[in-house]
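The structure under discussion appears below in the form of structure tokens.
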Amino acid sequence: MKIKQQNSLQFVLIKRLTVIVALCWVAGSILAAYSMYHELEEASDTGLVETARRGSTLIETYLDAHSDGSSVVVMPTPAGRIVGSDNDDDDDSEDDYLMYQLRAANGDVLLRSHNAVAEPFEAPIEVGFYQDDDFRIYTAQSPDGELFMQVAEPMDHRHEAILESVAAQFLPIGLLIPAVIIGIILGVRQGLVPVQRVRDEIEARGEGNLTPIEQEEAPEEITTIVSAVNSLMGKLEAALNVERSFTANSAHELRTPIAVALAQTQRLVLELPEGHEARKRALQTEASLKRLSRLSEKLLQLARAEAGGGFSPTGYNQKLGSTLALVVDDLTRAGADGGAIRFDPDNIETLEANIDLDAFAICLRNLIENALKYGSKNEPVEITVVDRNIVRVSNGGPALETANLDDLKTRFKRSHKGGDGSGLGLAIVDAIVRNTRAELNLYSPRPGKADGFMAELKLHQS
Amino acid sequence: MRILLVEDELMLADAVRDHLLAAGEAVDHSDSVVDAEIMLRGTNYDVLLLDLNLPDGKGIDLLRDLRRSGSATPCIILTAQDQISDRIEGLNAGADDYLVKPFDLNELSARLSAVARRYSGNPNPFISLDGGVEVDLAGRAILIDGVQTDLTSREWALFDQMVRRPGQTLSKRQLEEALYEFGAEIESNTVEVYVSRLRRKLGKEVIKTVRGVGYRV
């Protein structure tokens, strides 16, 4: 039985687990990014403060040594590069992202770093942080209170640093999510193996196989279900056994009185002199009894077939060659409907399938009887065994309309008008075929010929 | 042929027995396993017709016991059990044929003859005898130089016993047993009377008298 993927427990579990894990991961990453943002802000601010406080003494010393009292002193570009810089291709000013100005209490710029703007920073001359759209600036006051060191960090740089940090955090997550999904799929599949085993076991039951399901390996969560299914199958098997027993007993009980009536009528026919008025009626009664006999036989076969079952008692393949030969011999000796049978015994020893002998015999008997009844009397019915599990029964006669072939499997459907068949033969075979996972393929005309009919019985292999 | 019919359905047994008697066979009837065992011990039957479901036991067990005791009496099972597995079980138990109820009485006769022929060692139903006599055992017909000769059922029954075993001498008692069931009144010269009639119809040279022993063809 095919299960729609959307309704599969495995699919639902994988989908939900993947979504939950991904959402948790994303939420965790957002929280981590938020925390990282604040930590980076704090670290950057600490850097600004430390730079301003520790650098101010050195800068003041440099100012004293180089100031002419009228112009702004510009610190030279530092020689060499910053160790560990990522921007090897950029100019040096890109590396020196911090810039500073040493300002007097009145706001005049006395000294600035080489990368700082000539104009004074927007920040007021007071200790503490200042931030505008372009810079975050910290102002430190010299110990004598005369000078103010302002260290500025471009906001672009800070944003870039935060973005790179967050990206560095998300990149491995993005790579890991597919791996996690694969892990979830494998884990769920592995975890659901016992459930699938139970499902397969239940699926293998149903028709013909009602043996209890093994509970030892069933997960605890579905042990109750398995117990319930076993209990249900037990009741079902008991009910089917009652039904089968009833049909078997019915067959016996019905056959005996018909046999009595037929035998007595035949005696009556033989004892009445030729031309006696009652002889014609006795012959009609005999014909009706024979028809009743055939019909009751077919109805009981159909009842048996529809009561389920039909697999080999062992649950495995069994040899069918001798049964096939017995049925053919029986029908040949009975001279059913006067037709001849050509039986090709090649491959008969290899014929085996998972089907009950009685069910197999009923199938064959009906297929051969049909061929004898409806096939051409000028051509023998041919029975051949192909491979290990295919039996073909073919006969001559006019080809049937292809559109009608499947209809022949329905009850009381006859291929020929006026035929004296019960119209149940192929319905019986079809019921057994469905119970035993076999196939019944009908062809008309026969493959390779312009006329006739062929029934191909493809039996189930265990 | 002397036939034992084991069947508990009396109306069916009556019809079968009447049919076989009309064909000149001698038929004894039993409706239980116990009676059948007693009858089988006392008489050499040519064929046993056996129902499987009997009031005091299974016919298949009776057949198994019969085969275990070494009896080779031909047996045809008559039963309402129509499954192939029942048939296989019956044949494996030692049955020679299996006829499912309801059956045609003529088919029963045909199968009886076929089984009897197989046991006589000559399954061929066409036999040629001295004097241009051609016998069709299956069709119960006799042609003398191409002209059909009719026999009564008793005449046929006696001739049938001998012609199935050509060259074998059958005693008068053997022929009487084959002709008459239990309880039938037998005249002391019945066999001689029928042999005489047969010789008139078929020719003197067909049936030979073995003095002090019996007759043979």
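Quick note: the coordinates plus some simple rules give every number you see, no bench work behind them. Given the structure is predicted, the values throughout are model-derived calculations rather than measurements. Neighbour counts are summed over all protein chains in view; Cβ atoms, including those assigned to glycine, are modelled from backbone coordinates with ideal geometry.
General observations
- Normalising the Debye intensity of the range B:2-120 to I(0), with uniform scatterers on Cα atoms only, and taking log10 at q = 0.09, 0.10, 0.20, 0.23 Å⁻¹ returns -0.20, -0.25, -1.13, -1.61.
- P(r) of the protein assembly as shown over all Cα-Cα pairs, binned every 20 Å from zero, in whole percent: 13, 28, 19, 9, 9, 9, 8, 4, 1
- Cβ-based charge dipole, chain A, positive-most Cα from A:Val73, A:Ile177, A:Leu254: A:Leu254
- Peptides ranked, highest mean first, by Cβ atoms within 10 Å: ranges A:354-366, B:53-65, A:302-314: A:354-366, A:302-314, B:53-65
- Fewest-first ranking of B:Trp156, A:Trp25, using other Cβ atoms within 10 Å as the exposure measure: A:Trp25, B:Trp156
- Nitroxide proxy distance, nm - points 7 Å out along Cα→Cβ at B:Ile186 and B:Asp61: 3.3 nm
- Dipole check for the range A:206-309: with +1 at the C-beta of Lys and Arg, -1 at the C-beta of Asp and Glu, and the Cα centre as origin, the magnitude is about 1200 Debye.
- Under 18 Å of direct C-alpha separation, and excluding same-chain neighbours fewer than eight residues apart, A:Lys413 reaches these lysines: A:Lys298, A:Lys373.
- Under a model in which nothing but the beta-carbon of Lys, Arg (+1) and Asp, Glu (-1) is charged, chain B shows a dipole of about 1240 debye around its Cα centre.
- Dipole of chain A [Lys/Arg +1, Asp/Glu -1 at C-beta], most positive-end residue of A:Tyr138, A:Val26, A:His276: A:His276
- Straight-distance crosslink candidates among lysines, where the alpha carbon sits under 23 Å from B:Lys201 and sequence neighbours closer than 8 are dropped: B:Lys172
- Across peptide A:262-269, the average count of Cβ atoms from other chains found within 10 Å of a residue's Cβ is 6.
- Model label sites at B:Asn122 and A:His159, defined 7 Å from Cα along the beta-carbon direction, differ in position by 12.2 nm.
- Which of A:Asp133, A:Asp329 has the fewest Cβ neighbours within 10 Å, and the rest in rising order: A:Asp133, A:Asp329
- Ranking of B:Lys172, A:Lys280 by count of other Cβ atoms within 10 Å, fewest first: A:Lys280, B:Lys172
- Computed [θ] at 222 nm, helices only, for chain A once each DSSP H run of length n ≥ 4 contributes -39500 (n - 2.57): -18500 deg cm²/dmol
- Taking Cα centre as origin and charging only the Cβ of basic (Lys, Arg, +1) and acidic (Asp, Glu, -1) residues, the dipole magnitude of the protein assembly as shown rounds to 7260 debye.
- Ellipticity at 222 nm from helices only: DSSP H runs of n ≥ 4 in chain B, each -39500 (n - 2.57), divided by the residue count, give -12500 deg cm²/dmol.
- FRET efficiency, A:Asp144 to A:Tyr37 (Cβ-Cβ, R0 35 Å, nearest 0.05): 0.40
- Using every pair of distinct Cα positions in chain B, the Kirkwood expression returns a hydrodynamic radius of 18.0 angstrom.
- Residue mean of other protein chain beta carbons inside 10 Å, A:326-334: 3
- Kirkwood-based Rg to Rh ratio, the range A:318-458, C-alpha trace: 0.93
- Reducing the range A:1-72 and the range A:101-174 to their Cα centroids gives an inter-centroid distance of 19 Å.
- Summing charges over neighbours of A:His252, with a neighbour being any other residue whose Cβ is under 10 Å away from its Cβ, gives 0 when K and R count +1 and D and E count -1.
- Packing-based ranking, highest mean first, of A:47-54, B:79-86 given that Cβ atoms within 10 Å are counted: B:79-86, A:47-54
- Local electrostatic count at B:Thr149 - Lys and Arg +1, Asp and Glu -1, tallied over other residues with Cβ under 13 Å: 0
- Bridging of B:Lys58 to lysines at a Cα separation below 24 Å is possible for B:Lys101, once same-chain residues fewer than 8 apart are set aside.
- Annotation note: GluC sites (Glu not before Pro) in the range B:116-194 located in DSSP loop regions with a Cβ neighbour count of at most 14 within 10 Å are B:Glu185, B:Glu187.
- The mean number of partner chain beta-carbon atoms within 10 angstrom of a residue's beta-carbon across peptide B:80-91 is 6.
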